[in-house]
1. Leaving out same-chain residues fewer than 8 places away, which aspartates and glutamates sit with a Cα under 13 Å from that of LYS441?
2. Relative contact order for the chain using alpha-carbon pairs under 8 Å, separation at least 6, rounded to a whole percent?
3. Given N residues in the range 106-191, what is its alpha carbon radius of gyration divided by 2.2 N^0.38 Å?
4. Got a sec to turn the phi values of the range 347-358 into Karplus ³J(HN,Hα) couplings, 6.51 cos²θ - 1.76 cosθ + 1.60 with θ = phi - 60°, whole Hz, x for Gly and Pro?
5. Hey, which of these cross-link pairs are over 30 Å Cα-Cα: LYS46/LYS237; LYS76/LYS312; LYS328/LYS368; LYS204/LYS302?
6. Order by neighbour count: TYR300, TYR440, TYR201, fewest other Cβ atoms within 10 Å first, most last.
7. What distance in nm lies between label points placed 7 Å from Cα along the C-beta direction at SER309 and ASN158?
8. Let me know the Kirkwood hydrodynamic radius for the range 148-274, please, with Cα pairs as the basis and the value in Å to one decimal.
Amino acid sequence: MNSALEIFSIGIGPSSSHTIGPMKAANNFINSLYTTNQLNLVSSLKISLYGSLALTGDGHGTIMAIINGLCGNIPKTITKNDFLKCYFSVVANKKINLQNTKEINFDLNKDILLLKPKCLPQHPNGMRFEAFTNDTLISTADFFSIGGGFVVSATEINNAVVLPTSAKVPFPFNSGKQLFNLCAQNNLTIAELIFKNELSYKNKNQIHSEIFDIANVMYNSIQAGIAANDILPGSLKIRKRAKALYDKLQQTAAANSSEHYRSLAMTYAIAVNEENASFGKVVTAPTNGAAGTIPAVLEYYKLLNHGISDDKLIEFILTAAAIGMLYKLGASISAAEVGCQGEIGVASSMAAGALAAVLGGDLIQIEKAAEIAMEHSLGMTCDPVAGLVQIPCIERNALAVGRAIDACNLALLEHKPGIVSLDDIIKTMLQTGRDMAIHYKETSLGGLAVNIINC
Ligand code: SF4
């Protein structure tokens, strides 16, 4: 990872690791065939999904995403309608137009294999793409979706070039301690330091425009979510709740109290994640399943302060990005590796730290807010019912909003460093994730996934 803002990417739901990552991987494979002049030679494809992608890929839209990626579609620009249209056209016609250039026969029941008991050795979210001319293999590549929509090749994951601290930036860091020391030594806030690092990749206007784009998509996903009350896609047939909750909150007498704002923010988190579950456009923050927490906490700040200045918005997003980067560098944001603590737990931690920053917290308080939010998310498992990013995911984002606000408020009451550092908690989260049984790591083989009857 280079730019800290890469932790926030714009794409469609429902899953960054199981939808956005596979779409990018499919796209990368087809692009490699194109650039090596092999695309026109392809007569058939075989795509094998391993581990968590095989176990929950159906519910997480993985197959739809791969088909879209093969057709040349990109997560950031594809619309929900075009995404669905592309998938259903391939299903109906049993033909696929690779990168909108080369049409071949394609039967997804035969050409995409869900190898459920198997796992590639490097990562639980593995994919193998193979292209054939008649029956002769002409190209093959393995990709790994490592969380948050990030995809790496077999070479990259084998050489562990996934987690660089770029020497290109003026303030490189690998840990919270290094980040906070650099801020203190240079008299910079976290957001100011990250901004200076970002200038190594983009100019000031590009950074601002990227942040405003992220904030706009976050806001739009809330608006789309509170306007819809149809049924969520998938076998559970759950009616969306955000609109009804929002309407109810509009009628309460307690408007303009912080408690009311908190309830509204929780509703906004539900709205974003209902939009995510419906193939809507969201910002991975740091993943799609956790996409609602940070936008909702940002809205909470806006409600408390009757809006937000551009400077505060930039401070919020860059502080959250820095904290997310620490988790990505020191642990993982992939539920297949560390459970939901790595997704919604990290989102809550990022949101708590960012909220503390914009509310005037110092470095100690920001670290403490982020640390508290994760300390009380440790051990959170990933057990999505029916493999869908709905239960417990949607409501869990709302609870993570509450935890972020509480962690921030608690941290702002004190000025002394806590016994537990953010680095301690990141290390603990990784160890806890490694100790967690595979059943609880995005496989739908345990927890709620096996105790809720899907009728
Ligand atoms: S339980 Fe958490 S980690 Fe698992 S799919 Fe849902 S949001 Fe993602």
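1. Qualifying aspartates and glutamates at Cα under 13 Å: GLU337, GLU343, ASP383.
2. 18 percent
3. On the way: Rg = 20.1 Å, N = 86, 2.2 N^0.38 = 12.0 Å.
That ratio works out to 1.68.
4. Result, ordered by residue: 4, 5, 5, 4, 5, 4, x, 5, 5, 4, 5, 6 Hz.
5. Details: LYS46/LYS237 32 Å; LYS76/LYS312 25 Å; LYS328/LYS368 18 Å; LYS204/LYS302 24 Å.
From LYS46/LYS237; LYS76/LYS312; LYS328/LYS368; LYS204/LYS302, over 30 Å: LYS46/LYS237.
6. On the way: TYR300 25, TYR440 22, TYR201 16.
With the sparsest Cβ surroundings first, the list reads TYR201, TYR440, TYR300.
7. 5.3 nm
8. Details: mean 1/r = 0.0534 Å⁻¹.
Evaluated on the range 148-274, it is 18.7 Å.
We did not get these values from a lab; they are worked out from the coordinates using the rules stated. Quick caveat: nothing in here was measured; it's all calculated off a predicted structure. Virtual Cβ from ideal backbone geometry, glycine too; neighbours counted across all protein chains shown.
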